[in-house]
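In what follows, a structure is listed as structure tokens, so that the remarks can point back to it.
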Amino acid sequence: MGRHSMEGQVTSIDAKKGWVHVKTTKGTMIVHFPPESLQGVRRATPITVSLALQDNGPGAREKK
């Protein structure tokens, strides 16, 4: 459906659980990544987060 990228700086990270807080010009995003993908990422690291939306169609919530 849509794609978007945001540049920002890591302000907080829990690499064991995969949570990252990223400060951008539009605000702070809290996003989750597989923990193994966060090796080397530290506080103050500049990163770009690329997001994509996918419509799972009607009834997608009931399947979970």
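The values are calculated or read from the model by the stated rules, or taken from the named source; none is laboratory data. Only a predicted model underlies this, so the values are computations on that prediction, with no experimental measurement involved. Cβ coordinates were reconstructed from backbone atoms using ideal geometry, including for glycine residues, and neighbour counts include every protein chain displayed. Accessible surface is based on the protein model in full, side chains and every heavy atom, while ligands, DNA and RNA are left aside. Shrake-Rupley method; radii C 1.70, N 1.55, O 1.52, S 1.80 Å.
At 7 Å along the Cα-to-beta-carbon direction for both Met6 and Thr45, put a label point, then send me their distance in nm to one decimal.
1.8 nm
For the chain, what is the mean residue ellipticity at 222 nm derived from helices alone (per DSSP H run of n ≥ 4: -39500 (n - 2.57); sum divided by total residues; nearest 500 deg cm²/dmol)?
Values: 1 runs with 4 residues, N = 64.
About -1000 deg cm²/dmol.
Inverting the mean 1/r over all pairs of different Cα atoms, compute the Kirkwood radius of the chain and quote it in Å. Walk me through the numbers on the way to the answer.
Values: mean 1/r = 0.0762 Å⁻¹.
One decimal place: 13.1 Å for the Kirkwood radius.
For Asn56 and Asp14 in one chain, what is 0.36 nm times their gap in residues minus the Cα-Cα distance, to one decimal in nm?
On the way: separation 42, 0.36 × 42 = 15.12 nm, distance 2.92 nm.
This chain segment gains 12.2 nm when fully extended.
In what order, largest first, do Thr11, Thr24 sit by accessible area if the probe radius is 1.4 Å? Numbers along the way, then the final one.
Details: Thr11 55, Thr24 20 Å².
Putting Thr11, Thr24 in descending order of accessible area: Thr11, Thr24.
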